[in-house]
Amino acid sequence: DKFYTPGHRQVAQPWMDNLRQTCNQVDTIERHMKYLRCLQHIEELSAAVQQCLMTSSIQEAIKAVDSMAVLDCGLNQSGCSHLQNFLRETLCFWHKIIKDRLASDFEKILAQLHWPIISPPTQSPIPAANYQEISSQLELLVTQLLALQTSALASCQGLPSTQLVSSATCLLQAPPLCLPIQIMLLPLRRRFKYHFYGNRQTNSLSKPEWYLTQVLMWMGNNSAFMEEKIQPILDRAEASFSARVELCRGLLSLVQEKVASDASRLLYDDVLFCHLVEEVLQFEKELRSNHLYPAVLPGLLHLLLEDAVLQKWLTVEKKMAVEKMDAMLSAEGAWSSQYKDISDMDELKAPDCAETFMTLLQVITERYRALPCPSAQLKFLELQRELVDDFRIRLTQVMKEESRCPLGVRYCAILNAVNYISTILGDWADNVFFLQLQQAAVSHGEEMVLRGQGTMEVGRLASLEGSLFDGLLALLDRLKGDMLGRLLEWTMREITEKAKPYCQDRWLSLPSQHDQSTMTLSSTACPMMLCVRDRLLNLHNVLSLSLFQLAWQGLAERLDNFLYQNVILCNHFSDGGAAQLQFDMTRNLFPLFGHYCKRPENFFKHVKEACLILCLNVGSAILLRTLLNESEEEMRDWTGAGDPSPEAALNELGVYCLAPCDVLILLSLRTSWPGQ
């Protein structure tokens, strides 16, 4: 380093520059040589393909084309765009020539095998004399076509799969159809275009079922050919797909293109649009069930999820549902049950309008159930919730018109309708499909479905403690409670009117009757008892089973309170009067409710226990009164360890509902005390 001075550097710098320039020139020449060698290699491969084709060595030609494809992949990272374009043009050129030659031979073989099968064969075809030779040629051609189709060649295939699929569909991301299937689809594609495009009578916007049914028939007619003739060849070639599914996928692409085109043209015609949707849904159902098309592959439903199409579907669905609601509520038999003469099937006693409405909702559910997008399904669910609320408001309006006569048949039918809808919605809340939608709404934060829900409500939805129908169920239950309350209020108004003579009976002066077998119902009680009996029978006939349970229990509670307040507490009773009251209640009133439960007296606790107190023998009554009085006077500092507590004493007598102070009042209503 001691000889390397700045002077030396000045002298050496020109040499270094010359050397760097020379090295750059060498690198450039080397790159040119590589470029030329690559170009020469391409020309050699091209010549090899040409030579193989001239000698009909198709398999060797395919190998040479495959080598070009490998070279093309290697040039992807280079900057030699012109070289790569030249290579790809050469690749596509030979690929098309080989494919056309194979396709021509393949179509001839298929024709000898009577492909395609347009209509169901009436009898099994007779095998040709050279069937074995045809089968060998078929396998050779399918194998060669599969070898020709590689991922590197997808961009330059003479028949790209994107030609078979509408750009509006989501199938562009799916792998292209295998080359043999593409060629096999050509005659079917030509037939489809001939019949269902242009000015042909079969190309009718009002008859989408014509081309949908035709494609399903082609799938069914040719599935056996694919499984018997093509699938074994694919299996031996270690292909990882099903020939039958590939055929369905190719045919489906024809329908997808047609449906997408028709749907956009029918956005302003409600009737034809609805018909198209119905036919698409039916096609999808048959495609999945009858033709076992895999669920992972899209069918036609995704076409209905396009924004304009989906919004139109929702709008038409709502419009037609509202029209049907108007019709069903104004129909002549709207408030009668179609099962009224079949007792086993009429537990809910749902009027025809309510049953028709819930059937309408169920049909809507079946239509959107198969949609592959939870967000779209939730839009239909929100529509259903709007329709239920609309129907509830309509029922409320009709109910207000009938509220002047709550005991009438129509009022009870409205109540049955509310109960029926509430029952069905309760079942839906536990349905797996709606639970899945609920989870989707929470996980995706669907504002439309969750609006108005607080943090606590959303948490209950997430944990499945609540349901998406809770708000509607609460409104329906409130309406049901109001209607049932008004019904019972009117029933009690009629009963209390009939009970006035009974309330004013001369309980104080009735003589004692030691033999109860000779006792009869009080004459003043007969109108009241008949009214109770008739009203129970009427309610049993017009209300659903669950509503009638609530009704008779509510009536028993109100009647118990009425009799206790207006008969018992408003009168004084002799021994005979108390015995007569107990007889009227236990032998006449309670049995009227005994048709609907095993122990009706449990629903008349005040009356039952009051009768028990009023009918105590004199000695027991005196002891009880003394105990209760002492207990009342010494309540705070009572220390009588040997005496039972008032509650215990009452419990021994069978009194659990009445308080000690109430029992003292009842005891004061007795007139049969010693010295009186």
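The values are calculated or read from the model by the stated rules, or taken from the named source; none is laboratory data. This structure is a prediction, so every number in the text was calculated from the model and none was measured. So basically every Cβ, Gly included, is an ideal-geometry build from the backbone, and we count neighbours across all protein chains shown. Note: areas computed on protein heavy atoms with side chains; ligands, DNA, RNA excluded. Shrake-Rupley method; radii C 1.70, N 1.55, O 1.52, S 1.80 Å.
Please enumerate the residues belonging to region 488-540 that are open to solvent by 60 Å² or more (accessible area, probe 1.4 Å) and small (Gly, Ala, Ser).
Residues satisfying the conditions are Ser509, Ser512, Ser517, Ser523.
Which pairs turn up if I take residues in region 377-402 that are farther than 23 Å from Met483 by Cβ and of a type in the set (Asp, Glu) and look for partners that are part of a helix (DSSP H, G or I) and open to solvent by less than 50 Å² (accessible area, probe 1.4 Å) with beta carbon separation below 6 Å, at least 6 apart in sequence or on another chain?
As it stands, the answer is Glu382/Val449, since those pairs meet every condition given.
Looking at Lys379, Lys324, Lys319 in this structure, which one is touching an Asp or Glu at 6+ places or on another chain (Cβ under 8 Å), open to solvent by 70 Å² or more (accessible area, probe 1.4 Å) and part of a helix (DSSP H, G or I)?
From the options Lys379, Lys324, Lys319, the qualifying one is Lys319.
Going through Leu45, Leu91, Leu39 one at a time, which residue ends up being in contact with a Ser or Thr (Cβ under 6 Å, 6 or more places away or on another chain), open to solvent by less than 90 Å² (accessible area, probe 1.4 Å) and either in a helix (DSSP H, G or I) or at pLDDT 85 or above (or both)?
Details: Leu91 fails: in contact with a Ser or Thr (Cβ under 6 Å, 6 or more places away or on another chain); Leu39 fails: in contact with a Ser or Thr (Cβ under 6 Å, 6 or more places away or on another chain).
Result of the check over Leu45, Leu91, Leu39: Leu45.
Of the conditions (1) crowded, with 18+ Cβ neighbours inside 10 Å; (2) at pLDDT 90 or above; (3) of a type in the set (A, V, I, L, M), Leu164 satisfies every one except a single condition; which number is it?
Answer for Leu164: the failing condition is (2).
For residues in region 225-243 being buried (at least 21 other Cβ atoms within 10 Å of the Cβ) and under 17 Å from Pro175 (Cβ atoms), which is farthest from the chain's Cα centre (by Cα)?
Here the answer is Leu234.
One line per residue, one yes/no per condition, for (1) closer than 27 Å to Ala111 by Cβ; (2) at pLDDT 95 or above:
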site: Val215; (1), (2): yes, yes
site: Ala237; (1), (2): yes, no
site: Ala243; (1), (2): yes, no
site: Ser261; (1), (2): no, no
site: Leu266; (1), (2): no, no
site: Phe283; (1), (2): no, yes
site: Gly299; (1), (2): no, no
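Given the conditions (1) under 13 Å from the mean Cα position of the chain (by Cα); (2) among the aliphatic types (A, V, I, L, M); (3) at pLDDT 95 or above, which single one is not true for Ile421?
(1)
Suppose we filter region 314-333 for residues that are in contact (Cβ under 8 Å) with a residue 40 or more places away in the chain and under 24 Å from Ser261 (Cβ atoms); how many remain?
The number of residues fulfilling the criteria is 3.
When you scan region 347-368, how many residues do you find that are at positive phi and part of a helix (DSSP H, G or I)?
0
What number of residues within region 632-670 are open to solvent by 40 Å² or more (accessible area, probe 1.4 Å), in a loop (DSSP other than H, G, I, E, B) and at pLDDT 85 or above?
The total comes to 2.
So, in region 247-279, exactly how many residues are under 22 Å from Gly198 (Cβ atoms) and part of a helix (DSSP H, G or I)?
20
Within the group Gln77, Gln10, Gln25, which residue is farther than 30 Å from Glu227 by Cα, part of a loop (DSSP other than H, G, I, E, B), open to solvent by 80 Å² or more (accessible area, probe 1.4 Å) and of a type in the set (S, T, N, Q)?
Sole residue among the options that is farther than 30 Å from Glu227 by Cα, part of a loop (DSSP other than H, G, I, E, B), open to solvent by 80 Å² or more (accessible area, probe 1.4 Å) and of a type in the set (S, T, N, Q): Gln77.
Could you tell me which of the residues Glu355, Glu386 is acidic (Asp, Glu), under 18 Å from Cys412 (Cβ atoms) and open to solvent by 20 Å² or more (accessible area, probe 1.4 Å)? Lay out the reasoning, then the answer.
Working: Glu386 fails: under 18 Å from Cys412 (Cβ atoms).
Going through Glu355, Glu386 in turn, just one is acidic (Asp, Glu), under 18 Å from Cys412 (Cβ atoms) and open to solvent by 20 Å² or more (accessible area, probe 1.4 Å): Glu355.
If the requirement is being over 21 Å from Phe86 (Cβ atoms) and of a type outside the set (A, V, I, L, M, F, W, C), which of these qualifies: Gln51, Gln13?
Gln13
Just checking, does region 338-346 include any residue being of a type in the set (A, V, I, L, M, F, W, C) and either buried (at least 18 other Cβ atoms within 10 Å of the Cβ) or in contact with a Pro (Cβ under 8 Å, 6 or more places away or on another chain) (or both)?
Scanning region 338-346, I find no residue that is of a type in the set (A, V, I, L, M, F, W, C) and either buried (at least 18 other Cβ atoms within 10 Å of the Cβ) or in contact with a Pro (Cβ under 8 Å, 6 or more places away or on another chain) (or both), so the answer is no.
I'd like the full set of residues that are within 22 Å of Leu669 (Cα to Cα), open to solvent by 10 Å² or more (accessible area, probe 1.4 Å) and more than 51 Å from the chain's Cα centre (by Cα), limited to region 586-614.
Thr586, Leu612
Quick one: count up the residues across region 264-300 that are closer than 20 Å to Met320 by Cβ and either of a type in the set (Ser, Thr, Tyr) or open to solvent by 10 Å² or more (accessible area, probe 1.4 Å) (or both).
12
For region 541-552: of the residues being aliphatic (A, V, I, L, M) and open to solvent by less than 10 Å² (accessible area, probe 1.4 Å), which is farthest from Tyr420 (Cα to Cα)? First the steps, then the outcome.
If we filter region 541-552 for residues that are aliphatic (A, V, I, L, M), which is where we start, we get 542-543, 545, 547, 550-551.
Subset that is open to solvent by less than 10 Å² (accessible area, probe 1.4 Å): 543, 547, 551.
Numbers: Leu543: 11, Leu547: 10, Ala551: 16 Å.
If we take residues in region 541-552 being aliphatic (A, V, I, L, M) and open to solvent by less than 10 Å² (accessible area, probe 1.4 Å), then Ala551 is farthest from Tyr420 (Cα to Cα).
For region 553-579, give me the residue count where each residue is more than 26 Å from Arg493 (Cβ to Cβ), assigned to a helix (DSSP H, G or I) and open to solvent by 10 Å² or more (accessible area, probe 1.4 Å). Walk me through how you get there before you give the answer.
Initial filter on region 553-579 (more than 26 Å from Arg493 (Cβ to Cβ)): 572-579.
Of the ones still in play, those that are also assigned to a helix (DSSP H, G or I) are 575-579.
Subset that is open to solvent by 10 Å² or more (accessible area, probe 1.4 Å): 575, 579.
Adding up the residues that qualify gives 2.
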